[in-house]
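Since every read-out is calculated from the coordinates, none of them should be taken as a lab result. Note that this is a predicted model, so its numbers are computed, not measured. No Cβ is skipped: glycine too gets one built from the backbone with ideal geometry, and neighbour counts run over all protein chains shown.
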Amino acid sequence: MSRVDQVLAELAPRGVRHLALSELASYSSTRVDAAKLDETTFVGVDNLVANKGGRVDANYLPNTAHLTAYECGDILLGNIRPYLKKVWRATESGGCSGDVLAIRIKEDSQDCLDSEFLYYLLSSDGFFAYNMQHAKGAKMPRGSKVAILNYRIPVPPLEVQHEIVRVLDQFTQLEAELEAELEARTRQYDYYLNEMLRFEATVRRLPIGDFAVLVRGNGMPKTDFTEMGTPAIHYGQIYTHFGTWATETKSFVAPATAARLATVEPGDIVITNTSENLEDVGKAVAWLGDATAVTGGHATVIKHDENPKFLAYYFQTQEFHSAKRKHATGTKVIDVSARGLAKIEVPLPARSEQDRLVAILDDFDALVNDLSIGLPAELAARRKQYEYYRDKLLTFKESPA
């Protein structure tokens, strides 16, 4: 029997009471002058990090004179697009924008509800699913302040809450250590990638349009996707799903739809033309599947005779990023056209040298990104373990009324 089970059996043998959040907490009703805030104490929805990542310093200050004040121990929720899971337990006092909700435990409830325990309850996937269920709006859903306060939470004895917080904190700390190590590995990988793909002036360089044929995609909204059919690479998935190369696609389209789309033969590169920022535009994936695939709008197919992985790796370098800036247009939406891409020069060492470099970079890439080995695998396993125990520890039998 775990310590939590033991204390529960002693202090709450008939179960745990469940109450609406509003019975124990409310939204902050205090205000703070914006002039008293700086980038470390102002919290806007933009500097709350998605997926329960806490907060980072703001890169802008509020444009209103007074804001909602938050205090140490308050739970701050991003109230726009609740599916982003933006939540932070305040470790200091400050002020937040109107798109951030500051939930504060009532003074007369502080002897029965621990703020760290409440943080874990309000950062659970169950809460965010509930929040999205009651959110209003389609393109920019917003959480319902009334529904959030109606959310029912378990209130076990404080001793149980403290023990659960202790256990979950240990999981969180271990995960943070693994993430820090993986981040260090990623920086190391980026360094070697750029060093290995920096070539002497004697290595031939050609504009992409001189050694490849570029085919701009068009069409293929997500409504075209089917359960089976022709493999399809959507430009958005190059940002969110694919790595340096892919042998399988996430999506498919019907053969009739595929007939009007740009084809992607094994060995071709698919590179994005459009992004919300300059850093991401021009992200590429080498298609190494057995079958012909297709792609749609906001992407260009690069057809060539080089090592496809070599090109895909090179398109990740700082050298390529610097080159693409010269051909980027737009402000809110950044575009690098197929015509612009065709003008960018790429170093092309002998094919045997390309193959050698790819073999080395594949090993580095696996250490950083392969979910089946090394740190990524351990981090994924720890997250699954954490989610399992978190859900188990935060689930209680409700006591009879």
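Karplus-based coupling profile of region 151-156, in residue order and whole Hz: 4, 8, 10, x, 10, x, with θ = phi - 60° in 6.51 cos²θ - 1.76 cosθ + 1.60 and x standing for Gly or Pro.
Bridging of K106 to aspartates and glutamates at a Cα separation below 15 Å is possible for E23, E71, D74, D114, E116, once same-chain residues fewer than 8 apart are set aside.
Please sort 232-244, 353-365 by packing, taking for each peptide the average over its residues of neighbouring beta carbons within 10 angstrom, highest first.
Details: 232-244: 19.3, 353-365: 15.8.
Top of the packing list down: 232-244, 353-365.
Given axes a ≥ b ≥ c from the Cα gyration tensor, I'd like to know whether region 1-135 is rounded (a/c under 1.5), prolate (a/b larger than b/c) or oblate.
Numbers: a/c = 2.28, a/b = 1.82, b/c = 1.25.
Since a/c reaches 1.5 and a/b is larger than b/c, the shape of region 1-135 is classed as prolate.
The phi torsions of region 139-146, fed into the Karplus equation with coefficients 6.51, -1.76 and 1.60 and a -60° offset, translate into couplings of 5, 10, x, 10, x, 8, 4, 5 Hz, rounded to whole numbers, with Gly and Pro shown as x. Take every DSSP beta bridge whose two residues both sit in the chain; close to 85 percent of them are antiparallel. Take the Cα of H66, step 7 Å along the line toward its Cβ, and report every residue of region 15-43 whose backbone nitrogen sits under 13 Å from that point. Answer for region 15-43: 29-35. The Cβ shell under 15 Å around R152 holds other residues with a net charge of 0, Lys and Arg each +1, Asp and Glu each -1. Note on K136 and S93: with the Förster distance fixed at 35 Å, the Cβ-Cβ geometry gives a FRET efficiency of about 0.70. What the phi angles of region 335-349 give under the Karplus curve with 6.51, -1.76 and 1.60, with θ = phi - 60°, is a coupling list of 10, 10, 5, 4, 5, x, 4, 4, 8, 6, 7, 10, x, 10, x Hz, glycine and proline written as x. Give me the one-decimal nm value for the distance between modelled label points at A377 and F211, 7 Å along each residue's Cα-to-Cβ direction. Label-label distance for A377 and F211, simple model: 3.5 nm. Mean residue ellipticity, 222 nm, helices only, the chain: the sum of -39500 (n - 2.57) across DSSP H runs of n ≥ 4, divided by residue count and rounded to 500, is -11000 deg cm²/dmol.
Its relative contact order, with pairs defined as Cα atoms under 8 Å and 6+ residues apart, puts the chain at 16 percent.
In the set (1) 99, 60, 47; (2) 74, 53, 46; (3) 90, 61, 47, which value of Cα extents along the principal axes in Å was calculated from the structure you see? Working out Cα extents along the principal axes in Å from the coordinates points to (2).
Mind checking the full-extension length gain between E265 and R3? Use 0.36 nm per residue of separation minus the Cα-Cα distance, one decimal, nm.
Working: separation 262, 0.36 × 262 = 94.32 nm, distance 5.83 nm.
Answer, rounded to one decimal: 88.5 nm.
A cut-off under 14 angstrom between Cβ atoms defines the neighbours of R55, and their net charge, with Lys, Arg +1 and Asp, Glu -1, is -3. Within region 299-401, the proportion of Cα pairs with more than 22 Å between them is 57 percent. Extension gain, S337-V167: 0.36 nm per intervening residue step, less the Cα-Cα distance, totals 56.0 nm. Relative to the current alpha-carbon distance between D125 and D290, full extension at 0.36 nm per residue lengthens the span by 55.6 nm. I want to verify a result. In a Gaussian network model of the chain, Cα cutoff 10 Å, which of these has the top mean-square fluctuation: K86, K283, K250? It is K250.
Partners of K384 within straight-line reach, counting lysines whose Cα lies under 27 Å from its Cα and excluding those fewer than 8 residues away in the same chain: K52, K85, K86, K250, K392, K397. For region 1-99, chymotrypsin sites (Phe, Trp or Tyr not before Pro) meeting the loop criterion (DSSP other than H, G, I, E, B) and having at most 12 other Cβ atoms within 10 Å: Y60. Projecting label points 7 angstrom from Cα along Cα→Cβ for D46 and E353 puts them 4.4 nm apart.
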